[in-house]
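Here is the structure we will look at.
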Amino acid sequence: MKEHQVQVRVRYSETDQMGVVYHGNYIPYFEIGRVEWLRNKGVSYKMMEENGIALPIVSMQINYKKPARYDELLTIKTTFKSQTSVKIEFECEIFNEASDLLTTANFILVFVSLNTGRPISPPDYIEALLSELK
């Protein structure tokens, strides 16, 4: 399955005085989506890091369409888009409880060796799960 959904409720500390989510707080929402996408495939960031692999963001594009508001239950939909020798790309969308599309994003991440800090090919276990999705 190329996509995965997870829900998160907007906390008061993530909003401004008008009860609208501050734009910078969408980035952690998208991270939740990517982490849970991997976890749903049997891979955790912790496991990757224990195996000497990091997955930093190298490109991020976010489009804000409608505001998310305090106490709304948001659905974060994360979709695998592509994978090259060292990069993986995800598309993400956030919806509110009325199924309104609030925000879209595109992320490119690179597999990096924690020992060298250099890009590397994904490990076999990740390559295997990604090849099923291509």
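Of note:
- Among the numbered conditions (1) in contact (Cβ under 8 Å) with a residue 60 or more places away in the chain; (2) loosely packed, with under 14 Cβ neighbours inside 10 Å; (3) of a type in the set (Val, Ile, Thr), the only one that residue 75 does not meet is (2).
- Residues that are open to solvent by 50 Å² or more (accessible area, probe 1.4 Å) and not hydrophobic (A, V, I, L, M, F, W, C) within the stretch 46-58 comprise 46, 49, 50, 51, 56, listed in sequence order.
- Total residues in the stretch 1-48, condition touching a residue at least 24 places away in the same chain (Cβ under 8 Å), under 24 Å from residue 63 (Cβ atoms) and among the aliphatic types (A, V, I, L, M): 7
- Residue count, the stretch 49-70 (criterion: in contact (Cβ under 8 Å) with a residue 60 or more places away in the chain and out of contact with any Gly (no Cβ under 8 Å at 6 or more places or on another chain)): 5
- Residue check, residue 84 closer than 18 Å to residue 108 by Cβ, open to solvent by 20 Å² or more (accessible area, probe 1.4 Å) and out of contact with any strand residue (DSSP E or B) (no Cβ under 9 Å at 6 or more places or on another chain): yes
- Among the candidates 14, 91, residue that is surrounded by 16 or more Cβ atoms within 10 Å (Cβ to Cβ), acidic (Asp, Glu) and within 20 Å of residue 130 (Cα to Cα): 91
- Take the conditions (1) part of a loop (DSSP other than H, G, I, E, B); (2) on the phi < 0 side of the Ramachandran plot; residue 6 misses just one of them, which is (1).
- With respect to the stated conditions, residue 114 is in contact with a Gly (Cβ under 6 Å, 6 or more places away or on another chain) and not acidic (Asp, Glu).
- Flag for residue 103 being at pLDDT 95 or above and closer than 30 Å to residue 125 by Cα: no
- For the stretch 98-120, the candidate set comprises residues that are exposed (fewer than 12 other Cβ atoms within 10 Å of the Cβ) and either among the polar types (S, T, N, Q) or touching a strand residue (DSSP E or B) at 6+ places or on another chain (Cβ under 6 Å) (or both); within that set, the residue that is nearest to residue 10 (Cα to Cα) is 99.
- Close pairs from the stretch 109-134: first closer than 13 Å to residue 80 by Cα, partner of a type in the set (A, V, I, L, M) and open to solvent by 50 Å² or more (accessible area, probe 1.4 Å), Cβ under 9 Å, at least 6 apart: 109/57; 109/58; 133/1
The values are calculated or read from the model by the stated rules, or taken from the named source; none is laboratory data. These numbers were taken from a predicted model, which means no experiment stands behind them. Glycine gets a Cβ as well: all are built from the backbone with ideal geometry, and neighbour counts include every protein chain shown. Side chains included, ligands, DNA and RNA excluded: accessible areas come from the protein's heavy atoms. Shrake-Rupley method; radii C 1.70, N 1.55, O 1.52, S 1.80 Å.
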